[in-house]
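The values are calculated or read from the model by the stated rules, or taken from the named source; none is laboratory data. It should be emphasised that the depicted structure is a prediction, and the values quoted were computed from it without experimental measurement. Reconstructed Cβ throughout: ideal geometry from the backbone, glycine too, with neighbour counts over all protein chains shown. Calculation scope for accessible area: heavy atoms of the full protein, side chains included, ligands and nucleic acids excluded. Shrake-Rupley method; radii C 1.70, N 1.55, O 1.52, S 1.80 Å.
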Amino acid sequence: MKASKMLIPTLKETPQDAKIASHILLIRSGMVKAEVAGVYNFLPFGLRVVNKIEKVVREEMNKSGAIEILCSALQPKELWVESGRWEKYGPELMRLKDRHDREFCLGPTHEEVFTSIARELIKSSKNLPLNIYQIQTKYRDEFRPRFGLMRSREFIMKDAYTFDKDEEGLNASYDIMYDTYSKIFTRLNLHFQPVLADTGNIGGNGSHQFMALSDVGESEIVYCDECGYAADVEKATTKLDGYKGKKEDKIIKVHTPNHGTIEELEEFLKMNPKDMTKTLIYHDFVNEKYVIAIIRADRELNLIKLVNEIGSNENYLRLATDDELLNLGFVKGYSSPIGHDKEYEVYVDFEVAEMDSFLTGANEKDYHLLNVKYKRDFDGKVCDLKNACKGDLCPICGKPLNQERGIEVGQIFKLGTKYSAAMNCNYVDSDGKNKPMVMGCYGIGITRVMQSIVEQYHDEFGIKWPVNVAPYEVVVVPVKIKDETQYNLANEIYEELEKEGIEVIFDDRDASCGFKFKDWELIGIPYMIISGKNASENIVELKNRMTLEKIEISKDELIKKLVKDIKDAR
């Protein structure tokens, strides 16, 4: 392709709304262009990258035995009512009506649609197991779209669904997809970590996320180098550290004037935060109730764990307001599970339940209670509520856990019969009985993968695309476009590489070589060939964008080297 015929809308300046390197570079390199917040147009270079990522995904999915289909993004309300998610999914669901006042949504995911297809088309156990997938645009009304393609309102996703006769079949299908995902992300050159994960709005009884490791990732993961345990913090459990606090004694009310925060109490009482607790009151809008959660003061509450315990939805759970606290009998900064007239559901973290005593609020302004003990002084359900973090003990081997951030690029779920039972997606077994199909769900964020690759592969000059996902593999640049020798040698190399099936650009633009070099470094073409002062000797300079290596090489040796290196890297 001749550069003079291409759309190359590179930018010198950093976009105002872009905060992280990958988002900045995708816009500056002309890969994408924002339409409105959270909605992007894919320009020629960006679309080629997307197509190459999809190609890898398709090849590995097809090898696994999956069959590709394509469903509508427009989904009728009736299917979501059947599954019970029309009201429960949350405000991210984009809802609309047609001219006949019939309600629809733009699909954020496709469990209901795939389940309806299976129940209509599969009747016999002879058709099982079955794995069907699609690559399609999804829509979620994100409250605050950010980080470019990481958290957008419209995104491209590969989603697959397996249908099996029983749990044993589901486990086999799940293992195949786990292996397939590992192969996909390996081929895409991502540094990734599979971790145990929460099932969230999708539901089910088991899940793994595939995390592209990155300092800017929105997810925290903990892992053990000793035994290989790894989990998202929303799912991670830890072995208790054995901390008991002070020995049990009678409750003492202590005066703590204007000291309502953990930091203030730590200084005023000269106490270790491990000996204090936080009492958090949440309003659950799904079940229209208030609940109390108690964790050690040196810990952070994991909202997803609490949501799972109370059977709610994270979009409909929030901390009680000051007015609500007052009406409920609590005092802000001095709340406690002790000392109020009404009964509330109380959830107590394992660490708190194991302590001999601790400090909590007295439900009275400027007062706290010392030597409080679970069971003796109050009751509640004991469960895991805290965020796991670096240094906590591995639940498997007891060694200290490490912690990193990651970008979720894929997730797999064991759905079981959550959707098939609700939507009457049955098959007839060998005894002639109707049984619900046992389902799995498997997603990959195609556009998230694209940005994750940029996040892992870039420098101060621009993107460094791996060969197999780069928009083009080689660019040939004559230093002086009007120098006949340089131009002709560059054109010969361009034509020979094209004949060899290499994706190559000939930069025939009438611009300075410095301008061109900056463009291609920013865009991230893996190999740049420069036809310059040694062109008369058939010698060019070859630059490797990934390694930054530069070598002088003859034309014939260059062609042989590039053809081999590129075909090996595809």
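A few notes on this one:
- Residue list for region 71-92, restricted to those being farther than 21 Å from A421 by Cβ, open to solvent by less than 60 Å² (accessible area, probe 1.4 Å) and either at pLDDT 95 or above or more than 23 Å from the chain's Cα centre (by Cα) (or both): C71, A73
- Flag not set for I502, criterion: part of a loop (DSSP other than H, G, I, E, B), at negative phi and more than 40 Å from the chain's Cα centre (by Cα).
- The one condition in (1) part of a strand (DSSP E or B); (2) in contact with a Phe, Trp or Tyr (Cβ under 9 Å, 6 or more places away or on another chain); (3) open to solvent by less than 50 Å² (accessible area, probe 1.4 Å) that P337 fails to fulfil: (1)
- Every residue from region 166-178 that is among the hydrophobic types (A, V, I, L, M, F, W, C) and in contact (Cβ under 8 Å) with a residue 60 or more places away in the chain: L170, I176, M177
- Highlighted here are the strands (runs of 3 or more DSSP E) found entirely within region 179-248 that include at least 2 residues which are at negative phi, without any contact (Cβ under 8 Å) to a residue 60 or more places away in the chain and within 15 Å of the chain's Cα centre (by Cα): 192-196.
- Counting the residues of region 2-34 that are farther than 19 Å from P44 by Cβ and β-branched (V, I, T) gives 3.
- Selection count, region 428-444, where residues are hydroxyl-bearing (S, T, Y) and at pLDDT 95 or above: 1
- Criterion violated by R299 - all others in (1) farther than 28 Å from D392 by Cβ; (2) part of a loop (DSSP other than H, G, I, E, B); (3) among the basic types (K, R) satisfied: (1)
- Of all residues in region 528-549 being in contact with a helix residue (DSSP H, G or I) (Cβ under 6 Å, 6 or more places away or on another chain) and open to solvent by 10 Å² or more (accessible area, probe 1.4 Å), the one that is modelled with the highest pLDDT: M528
- Counting the residues of region 111-168 that are assigned to a strand (DSSP E or B), among the basic types (K, R) and closer than 24 Å to T180 by Cα gives 2.
- Consider region 464-499 and keep the residues that are among the acidic types (D, E) and either more than 17 Å from N544 (Cα to Cα) or in a helix (DSSP H, G or I) (or both). The one that is most open to solvent (accessible area, probe 1.4 Å) is E484.
- Conditions (1) of a type in the set (K, R); (2) closer than 24 Å to N287 by Cα; (3) touching an Asp or Glu at 6+ places or on another chain (Cβ under 9 Å); (4) at pLDDT below 95: number failed by K381: (4)
- Any chance F185 is surrounded by 17 or more Cβ atoms within 10 Å (Cβ to Cβ) and out of contact with any helix residue (DSSP H, G or I) (no Cβ under 6 Å at 6 or more places or on another chain): yes
- Within region 428-463, the set of residues being within 30 Å of E496 (Cα to Cα) and assigned to a strand (DSSP E or B) comprises H458, G462, I463.
- Residue check, A297 open to solvent by less than 60 Å² (accessible area, probe 1.4 Å), of a type in the set (A, V, I, L, M, F, W, C) and out of contact with any Phe, Trp or Tyr (no Cβ under 6 Å at 6 or more places or on another chain): yes
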